[in-house]
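Notes follow the structure.
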Amino acid sequence: MILMAILLLLLVVTLYGVGRLRGDLLTRGPVKLALSPGLLPDSLARTFACLATATPIIGLSPWRDGTPFLIEGECPVNRIGVPLATLFRLLVLFSAFIAVVLLLPAAAATVPDPETLSHAYEKGIGTLITTVLVAPFAWLGTGLISWWALAWLGAMVMAAGLRPGETASAFLVSGGVIALLEGAHWLGLQFGVFSNGWFLQRFYEADAGRALVFLVLVSVMTLTVLAAMHWIPMLIQRLRPRPIQWDDQKQDRFVIGS
């Protein structure tokens, strides 16, 4: 349970970083058009939140510059709308990773589950790092469909990047889920749907845990790509600064000559 809590915390932090670094990227027409398969599930979750909070939906803008993919009106109950929208978006995001894990079992087998990570940590931090770093390359080696699925999930992670208010809501949602499960375990209670042995072994521990690990890995990869998009131009500017352009409007200069 401690490892699951750490994964959820890391997921929220990386999604916050994605939300900060993507800037106005998702308001550019070509980018929205290219990432539209990943933006649609996120827009669906936002639509559910708008319907639940009576927020008007103005429409979709899949290719126009300067506007988000889904144009929403003002939420009349913002204190309820933000946590609800965050919950819907995280559920849709996690469900997409569950679907990919179940539909691509050969590729999903390359992703370590929490139990595998725990065993790797017991062998040493080096083994844990190696296990985590090898997983993305092993996934890409399973075929073109796996590449497409990874790109689609990366687009979804970028679309689901969290803003400050949404990050606080995500911490509350994740903390509530962990507290509920940990409290039930401490009291010796069993949830009915988790009491079936086949479900517990097949889905709750293996596939859901693997999907959470995969979600964290893709979030970290997306954050790294966005950070590189910011840092590389800054590094080039430092190594090769642009020449200072002469401004004819400036008067504080000396003119040498007759």
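We did not get these values from a lab; they are worked out from the coordinates using the rules stated. From a predicted model like this one, the values you see are computed outputs, not experimental measurements. Here the Cβ positions follow ideal geometry from the backbone for every residue, glycine too, while neighbour counts run over all protein chains shown.
The table below gives the values:
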read-out	value
Kirkwood Rh in Å, taken over region 2-239 so that all alpha-carbon pairs contribute	19.2 Å
Positive minus negative residues near residue 89 (Lys, Arg vs Asp, Glu; Cβ under 14 Å)	-1
